[in-house]
Amino acid sequence: MKRLKILIFEPYVFNVYGNTRYLISIFRFLDRSRFEPLLVAPIQSEFLSQIRDLGGRCLVAPPPRRLNQHGGKLIEHGLIGRAATMFSILVYSLKFMSLISTEKPDVLHCNSIRALLTVGLAARFMRTPCLWYVKGELCNTVLDRLGFRLADRVLFQCQTTKTKRYPLLIARLSHKISVLHNGIDLEEVEEAQRKDASTLRVELGLSNGHVNAVYVGQIAPSKGLEYLIRAIPKVLGKVPHFKLFLVGDESVPEYRYHVADLHQRVESLHLKDNVTFLGYRTDVLEVVSLMDLFVLPSLSEGVPKSIMEAMALGKPVLATDVGGVKELVAEKQTGFIVMPRDVEGLATALLTLAKDRGIRDRFGAAARRIAQSKFSIRSNISGLEELYRDLAHERQ
């Protein structure tokens, strides 16, 4: 039986966060006897080396310089800016059509609206079926609607993000829209828990007398970290031994200013002894395993893998009510959910968790049970394989 070639276009090949970690899972667990995945990226990066180490093929197809802008700069206001972006996409589409003609993929897979808009037009011209996996919340009416037209199949990570926007459009296009729940590598989590963490504990300066919270993810404005930092002084008033560790970096140069702003805020609030920036790390699971609780104060999310992994590690979770968070975190059973930008709400929930180890242990145990029963990445990849087959069959 002929293997189906799956061309995955990914513009965000920087440090390994949620989306790129998902791509690693595809190359690790996809049935290679039936599928041949190919990753195409606009730039060379260390991430591509990780995919090659898994036996995957990678190609670099450099776009016009304008298409390598991030941090919201690609979609500029004004007629000239929009026209320049559209022209760059058309130029890149011609290049990508040539790549499709050479590689002859059976399916094109895009994990973001940016990816879809960049190469979806080329796929349409070449009659290559296109799958759009919506990982976050839809927020741009014009671009989202264009994405629905370009994609032959639209997947959402959870029911919440599927129904939150465009209910009439979703109903009309129900024949090509479905939900495929995200997952994590539970074996990787278990391996992290088994490792000897004594050296890491010393490196992080962890003490049994402290309550340690951790955030994991990109350091970007959409992650709401400024509100979390503003909540810390309210916690320290009653729990002076509280510490927060921030794991991650800006990922793209456009967000360096935000990292600097957060450092300045920590300095101005006299929190240098209580807030630690760990930067990007490859031992994230080991770090989280040593913490007392996990916090994600985002302003926008899809279905965060970081929450799933924290739950699988037995950590209580404090998160904001964005994306599919409520489909992961059970309020007052595995953690707390507060509204985005709610400094008082963050502080109150942090205090509750910091002051009561019994609550932390109870929430953490319940979180682990849920994660073990519901969050396997293998179920996700099996569903993805079925969709690949359906799309390829429809093309014939």
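Tell me, yes or no, whether the stretch 318-328 has at least one residue that is among the basic types (Lys, Arg) and within 22 Å of Val287 (Cβ to Cβ).
The answer is no, given that none of the residues of the stretch 318-328 is among the basic types (Lys, Arg) and within 22 Å of Val287 (Cβ to Cβ).
Condition check: open to solvent by less than 10 Å² (accessible area, probe 1.4 Å) and at pLDDT below 95. Does Phe27 satisfy that?
Taking the combined requirement at face value, the residue does not satisfy it.
Give the residue that is nearest to Leu206 (Cα to Cα), with candidates limited to residues of the stretch 230-258 that are in a helix (DSSP H, G or I), open to solvent by 30 Å² or more (accessible area, probe 1.4 Å) and of a type outside the set (Lys, Arg).
Leu236
Please determine whether any residue of the stretch 321-336 is in contact with a Ser or Thr (Cβ under 8 Å, 6 or more places away or on another chain), surrounded by fewer than 22 Cβ atoms within 10 Å (Cβ to Cβ) and not hydroxyl-bearing (Ser, Thr, Tyr).
yes
Would you pick out the residues in the stretch 43-60 that are closer than 22 Å to Tyr280 by Cα and not acidic (Asp, Glu)?
Ile43, Gln44, Ser45, Phe47, Leu48, Ser49, Gln50, Ile51, Arg52, Leu54
Would you point out the residue of the stretch 30-67, among those that are touching a Pro at 6+ places or on another chain (Cβ under 8 Å) and outside any loop (DSSP other than H, G, I, E, B), that is surrounded by the fewest Cβ atoms within 10 Å (Cβ to Cβ)?
In this case the residue turns out to be Val60.
Of all residues being in contact with an Asp or Glu (Cβ under 7 Å, 6 or more places away or on another chain) and of a type in the set (A, V, I, L, M, F, W, C) in the stretch 115-130, which is modelled with the lowest pLDDT? Just the residue, please.
Only one residue tops the list, namely Ala115.
In the stretch 126-142, what count of residues is obtained for those that are open to solvent by 10 Å² or more (accessible area, probe 1.4 Å) and under 11 Å from Leu155 (Cβ atoms)?
Residues in the stretch 126-142 being open to solvent by 10 Å² or more (accessible area, probe 1.4 Å) and under 11 Å from Leu155 (Cβ atoms): 1 in total.
Can you tell me which residue is nearest to Asp321 (Cα to Cα) among those in the stretch 101-114 that are modelled with pLDDT of 95 or more and crowded, with 21+ Cβ neighbours inside 10 Å?
Cys110
Which residues, taken from the stretch 12-24, are open to solvent by less than 10 Å² (accessible area, probe 1.4 Å) and modelled with pLDDT of 90 or more?
Tyr22, Leu23
Does the stretch 361-384 include one or more residues that are assigned to a loop (DSSP other than H, G, I, E, B), more than 20 Å from Pro297 (Cα to Cα) and of a type in the set (A, V, I, L, M, F, W, C)?
Within the stretch 361-384 (the criterion being assigned to a loop (DSSP other than H, G, I, E, B), more than 20 Å from Pro297 (Cα to Cα) and of a type in the set (A, V, I, L, M, F, W, C)), the answer is yes, since at least one residue qualifies.
Ser178 versus (1) hydroxyl-bearing (Ser, Thr, Tyr); (2) touching a helix residue (DSSP H, G or I) at 6+ places or on another chain (Cβ under 9 Å); (3) surrounded by 18 or more Cβ atoms within 10 Å (Cβ to Cβ): which is the lone unmet condition?
(3)
Give the residues of the stretch 210-229 that are open to solvent by 40 Å² or more (accessible area, probe 1.4 Å) and assigned to a helix (DSSP H, G or I), sorted by residue number.
Once the filter is applied, which keeps residues that are open to solvent by 40 Å² or more (accessible area, probe 1.4 Å) and assigned to a helix (DSSP H, G or I), the stretch 210-229 yields Pro221, Ser222, Glu226.
Say we look at the stretch 153-169 and pick out the residues that are among the charged types (D, E, K, R) and open to solvent by less than 50 Å² (accessible area, probe 1.4 Å); which of these is farthest from the chain's Cα centre (by Cα)?
Of everything passing the filter in the stretch 153-169, Arg153 is farthest from the chain's Cα centre (by Cα).
Would you check if Arg145 is open to solvent by 30 Å² or more (accessible area, probe 1.4 Å), touching a Ser or Thr at 6+ places or on another chain (Cβ under 9 Å) and more than 15 Å from Gly302 (Cα to Cα)?
Spelling it out, it is not the case that Arg145 is open to solvent by 30 Å² or more (accessible area, probe 1.4 Å), touching a Ser or Thr at 6+ places or on another chain (Cβ under 9 Å) and more than 15 Å from Gly302 (Cα to Cα).
Hey, can you tell me all the residues within the stretch 331-359 that are of a type in the set (D, E, K, R) and in contact with a strand residue (DSSP E or B) (Cβ under 6 Å, 6 or more places away or on another chain)?
Glu331
Could you please find all residues in the stretch 115-165 being of a type in the set (Gly, Ala, Ser) and within 15 Å of Gly323 (Cα to Cα)?
Correct list: Gly136 only.
Would you check which residues across the stretch 337-357 are open to solvent by 20 Å² or more (accessible area, probe 1.4 Å), in a helix (DSSP H, G or I) and under 13 Å from Val211 (Cβ atoms) and list them?
Leu351, Thr352, Lys355, Arg357
The values are calculated or read from the model by the stated rules, or taken from the named source; none is laboratory data. Everything numeric in this text was worked out from a predicted model, so none of it was measured. Positions of Cβ are backbone-derived with ideal geometry, glycine not excepted, and every protein chain shown enters the neighbour counts. For the accessible areas, the whole protein counts, side chains as well, though only heavy atoms, and no ligand, DNA or RNA atoms are used. Shrake-Rupley method; radii C 1.70, N 1.55, O 1.52, S 1.80 Å.
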